[in-house]
1. Can you sort 44, 24 from fewest to most other Cβ atoms within 10 Å of each residue's own Cβ?
2. If you rank 57, 127, 72, 16 by fewest surrounding Cβ atoms within 10 Å, what's the result?
3. With the Cα gyration tensor of the stretch 9-89 in hand, convert its eigenvalues to equivalent ellipsoid semi-axes via √(5λ) and list them largest first in whole Å.
4. Kindly give Rg over Rh for the stretch 50-107, based on alpha-carbon atoms, with the Kirkwood expression for the hydrodynamic radius.
5. If neighbour count is taken as other Cβ atoms inside 10 Å, put 78, 99 in order from fewest to most.
6. Can you give the angle from 0 to 90° between the axis of helix 17-26 and the longest principal axis of the chain, with both taken from C-alpha atoms, to the nearest 10?
7. Enter the Cα centre distance for the pair the stretch 88-133 and the stretch 19-72, rounded to the nearest angstrom.
8. Over all pairs of distinct alpha carbons, what does the Kirkwood formula give as the hydrodynamic radius of the chain, in Å?
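Where a number appears in this text, it was derived from the coordinates with a stated rule and is not lab data. Quick caveat: nothing in here was measured; it's all calculated off a predicted structure. Here the Cβ positions follow ideal geometry from the backbone for every residue, glycine too, while neighbour counts run over all protein chains shown.
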Ligand SMILES: [Zn+2]
Ligand SMILES: [Zn+2]
């Protein structure tokens, strides 16, 4: 589990009912939702929650470093509660399913000095693409 709610409690983040619902929607493994998806799921639990509140809360969670923004598919940003364990993403080109994966080795080490152009590297995002088992079966 991503234990997002536990982490937020531990930090003393004031859990209003609205914030709690956003955190509950994002809690879990392999969760990568767009802001609109977070909003539509939050509304199922708390009908009065507004889109603006959801967007603001997502922004706060990102600022706290408890939720990551990921852009894996060139479309809407997705929000990922797996913020403390470095990982990469495996994306299905058919249905868009996203899995957190942990490739061996340090991706930064894979870039030779000669291709760093004097940059001080801070991170790497790798997206592995393919078809998930369901989409591969259908193909
Ligand atoms: Zn798929
Ligand atoms: Zn992820």
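1. 44, 24
2. On the way: 57 23, 127 14, 72 20, 16 11.
Listed from fewest to most nearby Cβ atoms, that is 16, 127, 72, 57.
3. Numbers: eigenvalues 75, 50, 22 Å².
Equivalent ellipsoid semi-axes, largest first: 19, 16, 10 Å.
4. Values: Rg = 13.1 Å, Rh = 12.8 Å.
When Rh is taken as the Kirkwood radius, the ratio is 1.02.
5. On the way: 78 21, 99 15.
Exposure proxy ranking, most exposed first: 99, 78.
6. The helix 17-26 is inclined about 30 degrees to the chain.
7. 24 Å
8. Numbers: mean 1/r = 0.0601 Å⁻¹.
By the Kirkwood definition, the hydrodynamic radius is 16.6 Å.
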